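For reference, the structure is listed below as structure tokens.
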Amino acid sequence: MFVWFHKLGSPPHFYQLAGRLLPWVGAACAICLVAGLYLGLFVAPPDYQQGESYRIIYVHVPAAWMSMFIYMVMATAGGIALVWRIKLADLAAEMAAPIGASFTFLALATGSLWGKPMWGTWWVWDARLTSELILLFLYLGYMALRSAIENPQTAARAAAILALVGVVNIPIIHYSVEWWYTLHQPATVTKFDKPSIVWEMLLPLLLMALAFKLLFAYLLMYKMRTEVLVREQKSGWVKQRLEANN
Amino acid sequence: MREFLEMGGYATYVWTSYGLTFAVLAANLIAARNKRRLVHQQLLRRLQSEEQ
């Protein structure tokens, strides 16, 4: 187990393993995406209250889940880098931030596009919407802080601390719909009793969520593979890799 | 087909949401690929100049 961890933490081993995993993750993502889109747009019945407009759920909710999931990945990786000084963990945190910001932006934008026809407004300062907007600013602040500090080690530590402090926002986002019962509807799926959604509507939602998770895994590994070459460019294995051209 | 595209009158909202989502995700993938190409080129060039 420890040997395995040690190997995974070594850049050349990570580079090779991620390179082998990438095509499989990509293929699985494409399958889930096609199946989720087909079931969500063609098979799932219209909602009895919202008609066809509810189909935005299949991009909105998975994007919102990803925005929180990636934040936790980023903060955890930052914490690991802070405590154990594992270079790959810091790399993962840095590469995850723009992907997380993208999903947060999408959650906000698609939510706005769903809010206009259903609530009659693009935006309200509801607790859920406001805390999700704060999440976007946390991602942007993280990225800005990293690029503002020149020393890479100081930048990594400062950014990791910012990310860890920002974790407090995650439960606020999750419980905001219960603590301040305003406009955003409460959770449909992520609650302990049975989800209040029929099977034909739930399956495409789960497939889209899985597709987004796999896409995140793909993007993260892909970007880390690129960046690890830059950071390790002085070591022999990078030269070998470049000469072998893969 | 036309009925499907109209989305019960919500076409603008539904298709803008889907379009935006795929545009942003595709942009992430394209940016990652371009960055990889650039890094490969730069590192290869450096490697070649070191060897000469």
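Okay, residues lined up against (1) of a type in the set (Lys, Arg); (2) modelled with pLDDT of 95 or more:
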position: A:LYS87; (1), (2): yes, no
position: A:TRP125; (1), (2): no, no
position: A:SER131; (1), (2): no, no
position: A:GLY141; (1), (2): no, yes
position: A:ASN151; (1), (2): no, no
position: A:ARG157; (1), (2): yes, no
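Cβ separations smaller than 7 Å between residues 6+ apart or across chains give the following pairs from the stretch A:48-65 residues that are facing chain B (nearest Cβ under 7 Å) to residues that are in a loop (DSSP other than H, G, I, E, B): A:GLY51/B:TYR10; A:GLU52/A:PRO46; A:GLU52/B:TYR10; A:SER53/B:TYR10. The residue of the stretch B:1-28 that is surrounded by the most Cβ atoms within 10 Å (Cβ to Cβ), among those that are facing chain A (nearest Cβ under 7 Å) and aliphatic (A, V, I, L, M), is B:VAL14.
The values are calculated or read from the model by the stated rules, or taken from the named source; none is laboratory data. As the structure is a prediction and not an experimental result, all values here were calculated from the model. Don't worry about glycine lacking a Cβ; one is built from the backbone with ideal geometry, like all the others, and counts go over all protein chains shown.
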